[in-house]
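**Q** Please find one structure pasted underneath; my questions will follow.
What follows draws every value from the coordinates through simple rules; no lab data is involved. Small disclaimer: the values here were computed from a predicted structure and weren't measured. Because the Cβ atoms are built from the backbone with ideal geometry, glycine has one as well, and the counts that use them run over all protein chains shown.
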Amino acid sequence: MKARSKITLWTASFTLTVAICFSSLVFYELVEQPFRVIDDELQDIAEVAAQAVNSDTPQGKQDNTLSRYPYDKYWIKVVSDQGITLLASPMTRYVDIPAHSDKKFSFVRKNLPLEKLWLAPEDHSERKNIPASPVVFRVLTDRKVINGKVFELQVANPIPFLVHELSELVYYILAGLVLITIIAIAVSYYLAGKILQPLASINNLIKNISDNSLDQRIPLGKNKDELYILTRSLNSMFDRLQFSFNRQKEFIGNASHELKSPLTILMLGHEEMLAGELPQTVRTGLEKHLTTLRRLSKLVRNLLEISRLEQQETLRHETIHLHELIDHVLDEFKDLLQSRNIVLEKDLSPVTFVGDAEKILQMVINLVDNAIKYNAPENGQIWIATQKTRECIRLTIANTGPIIPEQDLPKVFEQFFRVERSRSANFGGSGLGLTIVQQIVELHQGTISVTSSAEGITRFTVDFPLPISSS
Ligand code: ADP
């Protein structure tokens, strides 16, 4: 899960929890108060009713003390210990509320039309808003002993308006919670995005810093906050990386340079010795050494070339006639092509552009050399073409031969990568040829890609985007 979503989730959950706790507290406080008043009232009525039936007044007759409550408003029943009903309010005729022995206060739902209820003047207008559902009663069940007589009392108060208001309150609280959640999600998502935005831009900048652009640094922000410290630490890490990278490159360059001359001297010495009279065993040994020395020398030259290209030493700006340059290279390889019976097909449109002629020559040599080296042993073919489109100058070179597996295609440009180590080593390859080609192409702001079809045709495409000074 993304950090932004996590922060949003945490903040929204926290806000929702706080909102639920707060609204529960408010709800409790709002509900507790009216029920306390109702219960006190029920207790009071029970007391008065018990007194009324005890003063030997006729059964069901309203006592003076009871008249201080709207008698019709309540459901009142007083029963003697012999089970004789001593007092019953008019509402007992419409609805029966069974006695609750275990609980003093309870709720009962009963079907009773609102017309049968005594309503306070202010409740009349409210009546139409109450749904025609069962009426809720708050019930008091009590027993009183007065002057040795036992009275079973049951007093109930219909509270449809209170229940209606409470359900409205619950509805508003729930709607409020949903709204708070939506607002919390939107606000925290926005804020998380704002907080994380500098991290995203730092991340983008880091992604852009490659081994070719290690000199780039992340700009420091104005505020000296945690991000400022992070950026500074990253920049100093890049300083150290760049330093050791450069040291490494310098070392490879210097080592290759130092090895080049002794290797050349050794090769010349071997060639001189082989030119003279020698016993066969010595000759065979020297020839083997010379082959190894040539391979070593090629490796050292390639390493030196890579080191030079990486240091991006001055790129010359010369007019290159690519079609002519390719023709010249193919001419050089003519004998090799013939000896391997490779059929060459070329389609060279005249294209001219400005670049480093020596490096472009090296690029073409490496590509043609590979197309011959890795060609099919029989019925080999090479297709080479140049063309100028509206967007770029394109060079394609394709050859028959063993296919490069799909997963290896992006790796062929990596240093020292060889698809088949043994096969490549037989041709004196060290896995640096295409690395050099790619670096030359990139120095000219171009791109190179490779495909290898199931029919065994490998195709390299080099594109130099326009405008590159061309004609
Ligand atoms: P090397 O110097 O060993 O030839 P490269 O960097 O030139 O190394 O090539 C890397 C690998 O890509 C080679 O080992 C080879 O397997 C494969 N490869 C390169 N060019 C071709 C090609 N034209 N046809 C088929 N495979 C190729």
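**Q** How large is the charge dipole for the chain, taken about the Cα centre, if only the Cβ atoms of Lys, Arg (+1) and Asp, Glu (-1) carry charge, to the nearest 20 debye?
**A** Working: 51 positive and 55 negative charges, 105 e Å.
Here the chain has a charge dipole of around 500 debye.
**Q** So for the pair K298, Q280, with labels modelled 7 Å out along Cα→Cβ, what separation do we get in nm?
**A** Taking the simple label geometry, K298 and Q280 are separated by 2.8 nm.
**Q** Just to confirm a number: summing +1 for Lys and Arg and -1 for Asp and Glu over residues other than L367 whose beta-carbon lies under 14 angstrom from that of L367, what do you get? All intermediate terms of the calculation are to be shown ahead of the outcome.
**A** Working: positive: K346, K359, K373, R394, R459; negative: E332, D369, D463.
Around L367, the charge tally is +2.
**Q** Quick one: Y74, Y374, Y28, fewest Cβ neighbours within 10 Å first, how do they rank?
**A** Listing Y74, Y374, Y28 from fewest to most nearby Cβ atoms yields Y28, Y374, Y74.
**Q** Run the numbers for Y28 and E358: contour at 0.36 nm per residue of separation, minus the present Cα-Cα distance, in nm. Intermediate values should be presented prior to the final figure.
**A** Details: separation 330, 0.36 × 330 = 118.80 nm, distance 8.76 nm.
Extending this stretch completely gives an extra 110.0 nm.
**Q** State to the nearest 20 debye the size of the charge dipole of the stretch 318-465 about its Cα centre, where the only charges are +1 on K and R beta carbons and -1 on D and E beta carbons.
**A** Values: 13 positive and 20 negative charges, 58 e Å.
The calculated dipole for the stretch 318-465 is roughly 280 debye.
**Q** What's the extension gain from S261 to D44 if we count 0.36 nm per residue and subtract their Cα-Cα distance? All intermediate terms of the calculation are to be shown ahead of the outcome.
**A** On the way: separation 217, 0.36 × 217 = 78.12 nm, distance 11.78 nm.
Answer, rounded to one decimal: 66.3 nm.
**Q** Just the ratio, please: alpha-carbon radius of gyration of the stretch 318-465 over 2.2 N^0.38 Å, N its number of residues.
**A** Values: Rg = 14.6 Å, N = 148, 2.2 N^0.38 = 14.7 Å.
That works out to 0.99 for the stretch 318-465.
**Q** How large is the dipole of the stretch 201-254 about the Cα centre if only Lys and Arg carry +1 and Asp and Glu carry -1, each at its Cβ, rounded to the nearest 20 debye? Please list the in-between numbers first.
**A** Details: 8 positive and 6 negative charges, 16 e Å.
I would put it at about 80 debye.
**Q** Sum up the lysine pairs in the stretch 318-465 that clear both bars: alpha-carbon distance under 23 Å and a spacing of 8 or more or different chains.
**A** Going through the stretch 318-465 pair by pair, I get 10.
**Q** Also: Determine, from the Cβ-Cβ distance of Q216 and H321 and an R0 of 41 Å, the FRET efficiency 1/(1 + (r/R0)^6), rounded to the nearest 0.05. The partial results should precede the final answer.
**A** Details: r = 36 Å, r/R0 = 0.88.
Computed FRET efficiency for Q216 and H321 comes out at 0.70.
**Q** I've got another one for you. Give the calculated FRET efficiency between I229 and E345 to the nearest 0.05, with a Förster radius of 60 Å applied to their Cβ-Cβ distance.
**A** Values: r = 62 Å, r/R0 = 1.03.
E(calc), rounded to 0.05, equals 0.45.
**Q** First measure r as the distance between the Cβ atoms of K207 and W10, then evaluate 1/(1 + (r/R0)^6) with R0 = 22 Å and state the FRET efficiency to the nearest 0.05. Please report the intermediate quantities before stating the final value.
**A** On the way: r = 27 Å, r/R0 = 1.25.
It comes to 0.20.
**Q** Please report the relative contact order for the stretch 292-403, taking Cα pairs under 8 Å with a sequence separation of at least 6, and give it as a percent rounded to a whole number. Can you show the working numbers first?
**A** Values: 139 pairs, mean separation 29.8, N = 112.
Relative contact order for the stretch 292-403 comes out at 27 percent.
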